[in-house]
Amino acid sequence: MSLAPEGGATFFGHPRGLMTLFFTEMWERFSYYGMRAILALFMVTAVAKGGLGFSADKAGPIYAMYTSLVYLASVPGGWLADNFLGPRRAVLYGGFVIMCGHILLAMHGLATFFLGLGCIVLGTGLLKPNISVIVGQLYSEEDRRRDAGFSIFYMGINIGAFAAPLVCGYLAQHESFRAWLEANGFDPVHSWHWGFGAAAVGMALGLVQYLASSRHLGRAGLATNAPDDPVLRAKNRRTLSIGLAATAVAAVALVAYDGSARYAASITWKATDDGRLEVACYPGHLEGTGEPLHPPVVLAAGELADHLHADGMQRLREAVFAQRAAAGEIRGDLEDVFARVDLEGDAGRTEVVVRSLHWEPAEDGLRVLAGIEGGDGEPVELGLLPAGFDRDELPDALAPVVDDVLDSILADAVAAGTAAGAIADGLEVKHGGLNEHNIHEGFTWFLLLLVVLFFAKLFLVERWSPVERARLVTILVLFCGAAIFWGIFEQAGSTLTLFADRSTNNSIFGFHFPSSWWQSLNPLLIVCIAPLMSALWLKLGPRNPSYPFKFAVGLLLAGVGFLVLVGGATLAKAGVRVSPLWLLSVYVIHTVGELWLSPVGLSSMTKLAPARVVSLMMGVWFLAASVGNFLGGTVSGFYEDLETPTLFTLVGASGVCMALVMFLLVRPIARMMTQAEAEEA
């Protein structure tokens, strides 16, 4: 039965409460997709330009865990609403926590950054699954407007997702807004935080209108589904207490483990008799005394660039550029990833590229030199590294370079088993304790164990009829297909965004736009293409393809999209920004693939599921999205370690291979279902 108020005004012929939920979801999606559009870019942008200065292999695991947890949190969020809060209050509390998360992101500092991401995860877990529940409660089961109501509701999602990157991306990246900030006395490098602030404002607007118009919801979403049996209610309270206690214990354990880390502030460089370089890191400010954190690492003389990440080379180029620009020797900009600049000389202006880093012995340490290609050939001296030094006393141009060198050296020590773990963080080298890589590894095992235990319990503990078991096998196959699909598709916010930012000419008819604006393209294409796909399904009628076939087509298109981009990535290797048509092609192909798979995904889970676990299958779909987002974010961590043509080929091939497996399983699954139904009959 419907829980909406009867009579009164309607919203396009639907209950007035749909308007409340439409705009709440629109603004929540605005806040989420606005923040996501700039998140990866903010993490990998140099500190000097307002970002966090992370390398891709550091930003990738963080992005992977964040996007994965957003979907995973929907499962406990739905459980809390069912048993304690009710959907209405869950949406309100979730929206408030999301808003707080975006406000924290708009502040400065790593602590507020990670705390903000955590708040968004928790808030989305409360809001996302429960607002759809309230939409459903506005209609009775027999109400023919129900499906149309959900279509209108999902239109709000696409409107928010379309507008968000345009607004937040403009504030974070566009030069005109940065010029406005500077003209009005604000530091333009902080434009990223204005983008995050816009996401917070969006969620605040959603909350205001949710509270102001909640009377139109009637009794929808007020009640919980808590069991009447006091024994079961007590069991749920114990489950909640155990969950909270386990979370607290885990948090304390992680803090204690992180407290075991040691920090290197003193580094010794020593030339060996055979002309090589011996590097050792010491804890605290001991100036090379006491025991080093790990056995010294010996480097070959000459090139240090092998120990620099791609973003470290970029920071080096920026340092050289700034030094020579201050001396009036060069002018230009650093938009190009290869830092092409104009060098003033006797023959006029010459384009040069900074690529290499060398060191030479000196009486009191090591001279660090940067090589410039295409100019006069003379290296530029960055500074002097004393034989033993405190990193806080390094010349400004050298500090980020040494960060990367030490990060690489200590990572090599970890790989060789001579160190327990190491990351470079600002001007401090952390040895041991928590870092994004060991957290990512732990989360990988957690997610894998969760999937295995879930399906093991489903197949081995419960008792099923032949038909039910056949359907569960189909669900498992679709789960694997959906996880791979989302792993490819959801790279729009990471890998594809990095390619747009670093390798694409973001310009159309002379109009230059921020790289984050590409993420508005998918919701726009959905609005344009979805009616055509709906017409296709109606025209096919009884010849409508099966669920596995639709999943296979979606996977195939996801893989083909990346294989198409291999051509653009190959051109970009030469240092040119490629045509936007490459990315446009990918987004069109991926959107069509999404419309083959996504609309039928949840429907397939609920229709195939045995009656007693229909609600549980909602969790399966969110779990597939969680695994997929984790895979996609993890892949983006290899953006700087693999050449982009190779990376895109591997991603595309994984989608095509999984699609072929799905195509091969279409008929066996159909036969299995038919045979199981015949045996049961």
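Just so it is clear, none of the values below were taken in a lab; they were calculated from the coordinates. As the structure is a prediction and not an experimental result, all values here were calculated from the model. Cβ: placed from backbone, ideal geometry, glycine included. Neighbour counts: every protein chain shown.
Some observations on this one:
- You can think of it this way: the chain between D229 and V452 has 77.2 nm of extra reach, that is 0.36 nm per residue less the Cα-Cα gap.
- Spin-label model, C657/E441: points 7 Å from Cα along the beta carbon direction are separated by 2.4 nm.
- Residue by residue, segment 543-549 carries 3J(HN,Hα) couplings of 8, 4, x, 6, 4, x, 5 Hz when phi is fed to the Karplus relation 6.51 cos²θ - 1.76 cosθ + 1.60 (θ = phi - 60°); x denotes Gly or Pro.
- Applying 1/(1 + (r/R0)^6) with r as the Cβ-Cβ distance of L524 and S176 and R0 = 25 angstrom yields a FRET efficiency of 0.65.
- Rounded Å value of the spacing that divides the Cα centres of segment 523-561 and segment 44-68: 34
- Added length on full extension, which subtracts the Cα-Cα distance from 0.36 nm per residue, T239 to I508: 91.3 nm
- Efficiency of FRET from Cβ geometry, L115 and A48, R₀ 41 Å, rounded to 0.05: 0.95
- For T504, residues with placed amide H under 5 Å, excluding near neighbours: V578
- When each of the peptides 94-100, 641-647 is scored by how many other beta carbons lie within 10 Å of its residues on average, the order from highest to lowest is 94-100, 641-647.
- For the listed peptides 519-532, 40-53, a ranking on the average number of other beta carbons within 10 Å per residue, highest first, reads 40-53, 519-532.
- Note on L584/H108: beta-carbon distance plugged into 1/(1 + (r/R0)^6) with R0 of 35 Å gives a FRET efficiency of 0.50.
- Packing-based ranking of 455-461, 15-21, 546-552 yields 15-21, 546-552, 455-461, ordered from highest to lowest mean Cβ neighbour count within 10 Å.
- Separation between Cα centres of segment 162-233 and segment 74-111, rounded to whole Å: 12
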